[in-house]
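Enquirer: Attaching a single structure in structure tokens format; questions to follow.
The values are calculated or read from the model by the stated rules, or taken from the named source; none is laboratory data. Keep in mind that what you see is a predicted model, and the values were worked out from it rather than measured. Reconstructed Cβ throughout: ideal geometry from the backbone, glycine too, with neighbour counts over all protein chains shown.
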Amino acid sequence: MTKTTEDRRTSPAKQGSFFEAPMPSYFGHRQRLRERFRTAGPDALPDYELLELVLFRAIPRRDTKELAKRLIARFGSFAEVINAPEHLLSEVKDVGEAVITELKLVRAAALRMMRGEIMGRPALSSWRQVVDYCRAAMGFEPREQFRILFLDKRNQLIADEVQQQGTVDHTPVYVREVVKRALELSATAIVLCHNHPSGDPTPSRADIEMTRQIIEAARPLGVTVHDHIIVGRNGHVSLRSLKLI
């Protein structure tokens, strides 16, 4: 017997194949991961799972677990992934512009939040946050940077500037320019900061001598050098705490 038009339109087999498309395999995993993040907090997730959550936005319709694991294997940790240079990130399979943008957005948001925590507050009373900010901003840089935090008479941060970019083991610092910029901003104190891309923050003889030259040049003009912080992947040192200045 030939089926009528009405029979064909209401056939269960036809309805099932049209309306009941299977859910993607990653859908349930994403939901479970989001729920675990909300209920247990970020500390309950290993680095690769936290990275997965970030990648969800950049890659909305594909499993991201393997990519997250490859990134961690390549760079070492969540922090090192979001701080990795773009040209190295692009060498990882499946990492495109959207992924790189999302990773750099996370880094920028973290730095903006940390800078906000020290802006408008006396730097010397929130020293831990100052050090953490310097480490986050510079600790993973592949080249040396020389940064200055400019403070007002209440020791509140009024400007945060990278003065020089250097090579993997050297940054030129011009004492005259450091003091000149402090006077332009009406700063009464400064905190010097630079990074060691090698990861070892131990100060060199040149680091110590340069710091002393800036102190001697700034003192007659009413500008105090509170400290010189050197940061690296493996920690930080303070020249003042080491009694080197």
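Okay, residues lined up against (1) of a type outside the set (Lys, Arg); (2) surrounded by 16 or more Cβ atoms within 10 Å (Cβ to Cβ); (3) in contact (Cβ under 8 Å) with a residue 24 or more places away in the chain:
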site: Asp43; (1), (2), (3): yes, no, no
site: Leu51; (1), (2), (3): yes, yes, yes
site: Asp63; (1), (2), (3): yes, yes, yes
site: Ala68; (1), (2), (3): yes, yes, no
site: Gly76; (1), (2), (3): yes, no, no
site: Val99; (1), (2), (3): yes, yes, yes
site: Arg107; (1), (2), (3): no, yes, yes
site: Gly116; (1), (2), (3): yes, no, no
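Enquirer: Report the residue count in the stretch 37-59 for those that are part of a loop (DSSP other than H, G, I, E, B) and either at pLDDT 90 or above or within 18 Å of Ala73 (Cβ to Cβ) (or both).
Expert: So the answer is 3.
Enquirer: I would also like to ask the following. Taking Arg70 as the residue in question, decide whether it is outside any helix (DSSP H, G or I) and under 24 Å from Lys93 (Cα atoms).
Expert: no
Enquirer: Kindly indicate the residue of the stretch 223-245 that is among the aliphatic types (A, V, I, L, M) and assigned to a loop (DSSP other than H, G, I, E, B) and also farthest from Thr188 (Cα to Cα) among those meeting that condition.
Expert: Across the stretch 223-245, the extreme among qualifying residues is Leu242.
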